[in-house]
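Q: Sharing a structure, written as structure tokens. Questions coming.
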Amino acid sequence: MAFKREKVLASAQKYAAKGQHDKSARDYQAIVDNDPKDLRAWLMLAGALQKADKADEALPKYLQVAKAYHEQKDYSKALAVYRQGLSIDRRRIDVHLKCAQLHSELRQIPEAVDIYEKVGKAYLKQGRSHDALELFKTVADLDPTTVTRRLRLAELYSREKMNDEAVAAFRAAGQLLLDEGKNRSEERRVGKECRSRWS
């Protein structure tokens with residue numbers, strides 16, 4: 001007997017409208033069992049489980065859908081679904097890092113940097129210096145013109161006795177400061193010329 005998707009979908013939606021989320025989840029489960037590639041149905045299943053107070057069952061389904069969207073390079077949808085997962089468990093550092101990666105893919109650099117920095121600071125508190133270093137290096141590379149981020153990276157390398165890396169990071173920070181100084185001098189020179197020309 002052929003699976004009647006539209007009939008089962010209508011049933012799931014009817015149960016959801018009545019607040020019978022357990023029964024709605026059962027119908028959505030039948031849909032994904034019939035077509036495991038139906039990401040929308042997986043998402044509706046996760047939502048029904050969450051509303052039925054089965055968050056521990058909903059979370060892996062949200063993460064599965066987000067991963068599939070990410071693999072399809074649908075970064076905006078992946079990010080939205082990972083955030084739904086975080087609404088269940090904010091402690092999932094792996095999911096926060098996925099969100100940061102997606103913000104980076106979407107060229108939303110300030111958002112990516114913000115998440116990487118928060119996780120990096122959490123790693124430092126946990127004594128996970130090496131993991132923190134990796135994230136702070138990512139931050140410095142994402143935002144290469146900010147001297148303070150380069151200096152922080154250099155100091156962390158120094159603290160970890162990674163001297164070659166520390167020297168390279170201090171040099172990069174020094175070069176940024178030199179470049180900033182040259183730019184300011186050039187701006188002052190041009191400003192002076194303009195004032196003398198128009199006075």
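The values are calculated or read from the model by the stated rules, or taken from the named source; none is laboratory data. Computed from a predicted structure; not experimentally measured. Cβ placement follows ideal geometry from the backbone for every residue including glycine, while neighbour counts extend to all protein chains displayed. The area values use the complete protein model at the heavy-atom level, side chains included, leaving out ligands, DNA and RNA. Shrake-Rupley method; radii C 1.70, N 1.55, O 1.52, S 1.80 Å.
Q: If I filter region 20-38 down to residues being assigned to a loop (DSSP other than H, G, I, E, B) and free of Cβ contacts under 8 Å to residues at least 12 places away in the same chain, which single residue comes out as most open to solvent (accessible area, probe 1.4 Å)?
A: Per the stated criteria, the residue is Lys37.
Q: What single numbered condition from (1) outside any loop (DSSP other than H, G, I, E, B); (2) open to solvent by 30 Å² or more (accessible area, probe 1.4 Å); (3) hydrophobic (A, V, I, L, M, F, W, C) fails to hold for Ala2?
A: Condition (1) is where Ala2 drops out.
Q: Is it the case that region 135-143 has a residue that's modelled with pLDDT under 90, open to solvent by less than 30 Å² (accessible area, probe 1.4 Å) and in contact with an Asp or Glu (Cβ under 8 Å, 6 or more places away or on another chain)?
A: Within region 135-143 (the criterion being modelled with pLDDT under 90, open to solvent by less than 30 Å² (accessible area, probe 1.4 Å) and in contact with an Asp or Glu (Cβ under 8 Å, 6 or more places away or on another chain)), the answer is no, since none of the residues qualifies.
Q: Restricting to region 22-62, name every residue that is of a type in the set (Ser, Thr, Tyr) and under 25 Å from the mean Cα position of the chain (by Cα).
A: Once the filter is applied, which keeps residues that are of a type in the set (Ser, Thr, Tyr) and under 25 Å from the mean Cα position of the chain (by Cα), region 22-62 yields only Tyr62.
Q: Restricting to region 164-174, what's the tally of residues that are open to solvent by 40 Å² or more (accessible area, probe 1.4 Å) and either at positive phi or modelled with pLDDT under 85 (or both)?
A: 1
Q: For region 175-199, which positions are among the acidic types (Asp, Glu) and at pLDDT 60 or above?
A: Asp179, Glu180
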